Amino acid sequence: MKEYLILKLKGPMQSWGGHSYEDYRPTEKYPTRSGLIGLLGACLGIDRKDLENQQKLNESFIFAARADKKEVFTKKLVDFHTVEDVLKVDGSINPYPVVSRREYLQDAEFSVAISFLPSAKYDLEKVKAALSKPIFTPCLGRKSCPISRPLYETTLKADNLVSALSMIEPKAGLIYSEEGNEELDKVMIVRDQPLFDGKRHFYNRKLYLIKQ
């Protein structure tokens, strides 16, 4: 069996950015890989401009997230900001401010199981220590989304990501996992894997939907 790090993501608002447009920033229904890298990177003290260590963190783990509240999917909040210097379709800068609408999940709770790879630069012990004493303030997808409880839940041994989550209350919910069975589980292709090129560019990863 392997050792897994378990997190609890809980707060009044969370926002896990999906495919976005300049004037509309939706949230996914689950913590994204790019969002989790940002969360762990903040705790570890990895600067937003430090692309090399962000990539090393990305290459250190796989994870699964379980939605612990069913009603999270219907409880969304939308606010708006005014944004300047927005790119137009032709690549030029819009000379006028644009209203940008942004989505948030309300009162969401997620359990996250993380498995660290043998070659990980950022291993379980490093990340666990950083969760206890974060260098930068962690947030749930956006700076306006503070945590309402400590991120660290526990460490435990299990056969896989899903079985690790089955040991954590409430022991039920929809799981979005990077591990799964091609024949038994529903498969999604999501685009939230950062390219680490200094721009907001992402590529695809495979996600398994598993009902627990």
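No lab work stands behind these numbers, since they all come straight from the coordinates. Just so it is clear, the structure is predicted and the values come from calculations on it, not from any experiment. Please note: Cβ atoms are built from the backbone with ideal geometry, for glycine as well, and neighbour counts cover all protein chains shown.
Assuming a strict under-30 Å limit between Cα atoms, what lysine pair count do you get for segment 35-138 once near-sequence pairs (fewer than 8 apart, same chain) are dropped?
Eligible lysine pairs with Cα atoms under 30 Å apart amount to 15.
Out of these labelled values of Rg/Rh (Cα atoms, Kirkwood Rh), (i) 0.97; (ii) 1.02; (iii) 0.93, which was calculated from the coordinates shown here?
Looking at Rg/Rh (Cα atoms, Kirkwood Rh) for this model, the match is (i).
Ranking request for peptides 76-82, 10-16: highest mean number of other beta-carbon atoms within 10 Å first, then the rest in descending order.
Numbers: 76-82: 12.1, 10-16: 22.1.
Final packing ranking: 10-16, 76-82.
When a/c reaches 1.5 or more, the comparison of a/b and b/c decides; with that in mind, is segment 58-125 rounded, prolate or oblate per its Cα gyration tensor? Don't jump to the answer; show the numbers that get you there.
Working: a/c = 4.20, a/b = 1.54, b/c = 2.72.
Since a/c reaches 1.5 but b/c is at least a/b, the shape of segment 58-125 is classed as oblate.
How large is the dipole of the chain about the Cα centre if only Lys and Arg carry +1 and Asp and Glu carry -1, each at its Cβ, rounded to the nearest 20 debye?
380 debye
Cβ under 10 Å from GLU109's Cβ, GLU109 left aside: what net charge do those residues give with Lys, Arg +1 and Asp, Glu -1? Walk me through the numbers on the way to the answer.
On the way: positive: LYS8, LYS10, ARG66, LYS69, ARG149; negative: ASP68, ASP107.
Surrounding charge for GLU109 is +3.
Residue separation times 0.36 nm, minus the C-alpha to C-alpha distance between VAL98 and GLU169: what's the value?
Details: separation 71, 0.36 × 71 = 25.56 nm, distance 4.32 nm.
Separation in residues times 0.36 nm, less the Cα-Cα distance, equals 21.2 nm.
If you build a Gaussian network model of the chain, linking Cα atoms that sit under 10 Å apart, which residue out of ASN53, ASN181, ASN160 swings the most?
ASN181
Apply 1/(1 + (r/R0)^6) to the Cβ-Cβ distance of ARG149 and LYS29, taking R0 = 22 Å, and write down the FRET efficiency to the nearest 0.05. It would help to have the intermediate numbers written out before the result.
Numbers: r = 21 Å, r/R0 = 0.93.
In this case the efficiency is close to 0.60.
Once you have the Cα-Cα distance between LYS75 and VAL89, take 0.36 nm times their residue separation minus that, and quote the gain in nm to one decimal.
Numbers: separation 14, 0.36 × 14 = 5.04 nm, distance 3.19 nm.
That works out to 1.8 nm of additional length.
What fraction of the Cα pairs in segment 87-184, stated in percent, has a spacing above 21 angstrom?
The share of Cα pairs beyond 21 Å in segment 87-184 comes to 55 percent.
Can you compute the equivalent ellipsoid semi-axes for segment 155-204, i.e. the square root of 5 times each eigenvalue of the Cα gyration tensor, sorted largest first and rounded to whole Å?
Working: eigenvalues 150, 46, 21 Å².
Taking √(5λ) for each eigenvalue gives 27, 15, 10 Å, largest first.
If the label point is 7 Å along Cα→Cβ of LYS206, which residues in segment 166-198 have backbone nitrogen under 14 Å from it?
177-190
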